[in-house]
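What follows is a set of notes on a single structure, which appears directly below.
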Amino acid sequence: MTPIIRNLVALLPFSFTLKFNDGESQAQQQVKVESLAPKANYHLSKHYIGDDFFKGFDWKTIDDPTHGKVNYVSQTEARQKNLSYVSDHHTFVMRTDYHHKVENGKRGRDSVRIESKDTFENGVYILDLLHMPSGCGTWPAFWTSTIGHWPEGGEIDIMEGVDGKGTNQGTLHTTSGCTMPSNVDETGQQLKTDCAVQGANNEGCGVKDKRQDSFGPAFNKDNGGWYAMQRSNSGIKMWFWPRDGHPPADVKTGPANIDPSKWGKPFANFPSTHCDMKQHFGKHRIIINTSLCGDWAGAVYSRQGCPSTCEAHVMNDPAAFREAYWKIRGLRVYTEKARESGYVNDGDYSVDDEVVAFEDY
């Protein structure tokens, strides 16, 4: 697109489709221009730190949907067994048991899965993480997922990986009709372009971060870092900054207002070009969990240089899970400022109330 056309497009106040001939390729191209609303001004809506996790999240005791060899425990049991607690400097810790062998007939090794009480939609989510679960058989994930009948309403995986190997992967899971272009402005490696769950194939459209310190032991060695996800009607973006990687000031310090437009190129970029975000993504809960074995970690276990079989390892080698814990400094959720004039947060706050108060940009 020539500079003149770019300038003309920037002045247009409505969505339209422009066809033109590229001077270099001479190929007809199609450019979709979104409605030009003011830049999103995101303000802090929720901040979970320390004991806030005990108040703002539910400890789920469900059978693992990914068929893991794991026993998710209640908040009461997690606190009694020291699997969930607040450590020094108000950091929140949740971990997998590393003291006991698993008795025959049990669902699996004790672990934790928490889901936010509040639901969220468009906004920016920032996790300040010091340590993530690592080790053979582990499957940690930080994600958001539909409150409806999955995959209707979608799933967004922000941080995910298995067995402490490789790098972080960001993924979308949707119903049919959501695909990504093959040439996307991102720093990560695109894995698939079709986000739809199709029968037993629920890989979704993933992007692999190319940086070793984005996941596993390398992440933990560097005292972690920050993961961020921006969800909007124009697409979904994900970023990662290591602890010593010079993150944007508003990511590092957690101010009342942030501006993701200044954060640079994301490692994962999922534009709405061929995916109606409003159609495929609804109200979500934030989920943080550590599964063991299961559909992914168990499936690739034998190729990861890990001992024995995945299930035998989980059942019989408790000390191997000493590093299978989360240490979280904080989780922040930002939403776009309401357009109504005179909007004031009076302290009697509900995320659900705020979400429906916003107009779509």
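The values are calculated or read from the model by the stated rules, or taken from the named source; none is laboratory data. Nothing here was measured: the structure is a model prediction, and the numbers come from that model. Here Cβ is always computed from backbone atoms with ideal geometry, including for glycine, and neighbour counts include all displayed protein chains. Accessible surface is based on the protein model in full, side chains and every heavy atom, while ligands, DNA and RNA are left aside. Shrake-Rupley method; radii C 1.70, N 1.55, O 1.52, S 1.80 Å.
Annotations
- Of all accessible heavy-atom area on the range 42-335, the percent that carbon and sulfur account for (1.4 Å): 45 percent
- Net charge contributed by nearby residues that have their C-beta within less than 9 Å of Leu129 (K/R +1, D/E -1): +1
- Prolate/oblate/rounded label for the range 141-206 (Cα gyration tensor, a/c 1.5): oblate
- Given Lys60/Lys81; Lys165/Lys283; Lys221/Lys252; Lys210/Lys278; Lys55/Lys283, the pairs whose alpha carbons are separated by over 24 Å: Lys165/Lys283; Lys210/Lys278
- Dipole axis of the range 42-335 (+1 Lys, Arg; -1 Asp, Glu on Cβ), positive-most option in His284, Trp226, Ser74: Trp226
- Spacing of the two label points (7 Å from each Cα toward its C-beta) at Ser308 and Glu152, in nm: 4.3 nm
- Chain lengthening between Lys117 and Asp295 when straightened (0.36 nm per residue, less Cα-Cα): 61.4 nm
- Within the range 183-330, the proportion of Cα pairs with more than 25 Å between them is 43 percent.
- Neighbours of Cys195 by Cβ distance under 12 Å: Lys/Arg scored +1, Asp/Glu scored -1, total -4.
- Sequence-separation-based contact order of the range 190-289, relative, with Cα cut under 8 Å and 6+ spacing, percent: 22 percent
- The range 42-335 - Kirkwood radius from inverse mean 1/r over Cα pairs (Å): 19.1 Å
- The spacing between the range 44-76 and the range 140-215, judged by their C-alpha centroids, is 21 Å.
- FRET efficiency, Ser176 to Thr61 (Cβ-Cβ, R0 30 Å, nearest 0.05): 0.40
- Loop-located GluC sites (Glu not before Pro) in the range 64-154 whose Cβ has at most 15 other Cβ within 10 Å (DSSP): Glu103, Glu152
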